[in-house]
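Right, one structure below, let's go through it.
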Amino acid sequence: MPLHHIAARWGFVHHATFTRAFRATYGTAPRDYRQEALPREEAERREIRERRSRRPERGRPQTG
């Protein structure tokens, strides 16, 4: 989602104002935060997919 959409969602008219408020609150720019968060999110998704693939399907007897 583009930053200006996120800013508007939170009631900011200008994305620059949102960026300043975000930086003052979290100590980093929204873009930098997103770049750091995306690899973590992908790793979490990958882990969830791996866990699901190891689970037996419901209604089927386990073999082995």
Would you work out which of Ala37, Gly27, Ser53 lies farthest towards the positive end of the dipole of the chain, given +1 charges on the beta-carbon of Lys and Arg and -1 on that of Asp and Glu, about the Cα centre? Ser53
Rel. contact order, % - alpha carbon contacts under 8 angstrom, at least six apart, the chain: 14
Computed from these coordinates, which is P(r) over Cα pairs in 10 Å bins from 0, in percent: (i) 20, 43, 24, 11, 2; (ii) 17, 21, 16, 14, 12, 9, 7, 3, 0; (iii) 18, 30, 19, 15, 12, 6, 0? (iii)
How large is the accessible surface per residue of the chain, computed with a 1.4 Å probe and reported in Å² as a whole number? 94
Phi-based couplings in Hz for segment 4-21 (Karplus 6.51, -1.76, 1.60; Gly and Pro marked x): 5, 6, 5, 4, 5, 4, 8, x, 8, 6, 10, 5, 5, 5, 4, 4, 5, 5
³J(HN,Hα) computed for each position of segment 33-46 - Karplus, 6.51 cos²θ - 1.76 cosθ + 1.60, integer Hz, glycine/proline x: 4, 4, 5, 6, 6, 4, x, 5, 5, 5, 5, 5, 4, 4
Do the sum for the chain: with -39,500 (n - 2.57) for every DSSP H run of n ≥ 4, divided by all residues, what is the mean residue ellipticity at 222 nm, to the nearest 500 deg cm²/dmol? -22500 deg cm²/dmol
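The values are calculated or read from the model by the stated rules, or taken from the named source; none is laboratory data. Just so it is clear, the model here is predicted, and its values are computed rather than measured. Glycine gets a Cβ as well: all are built from the backbone with ideal geometry, and neighbour counts include every protein chain shown. What goes into the accessible areas is simple: the full protein's heavy atoms, side chains included, and nothing from ligands, DNA or RNA. Shrake-Rupley method; radii C 1.70, N 1.55, O 1.52, S 1.80 Å.
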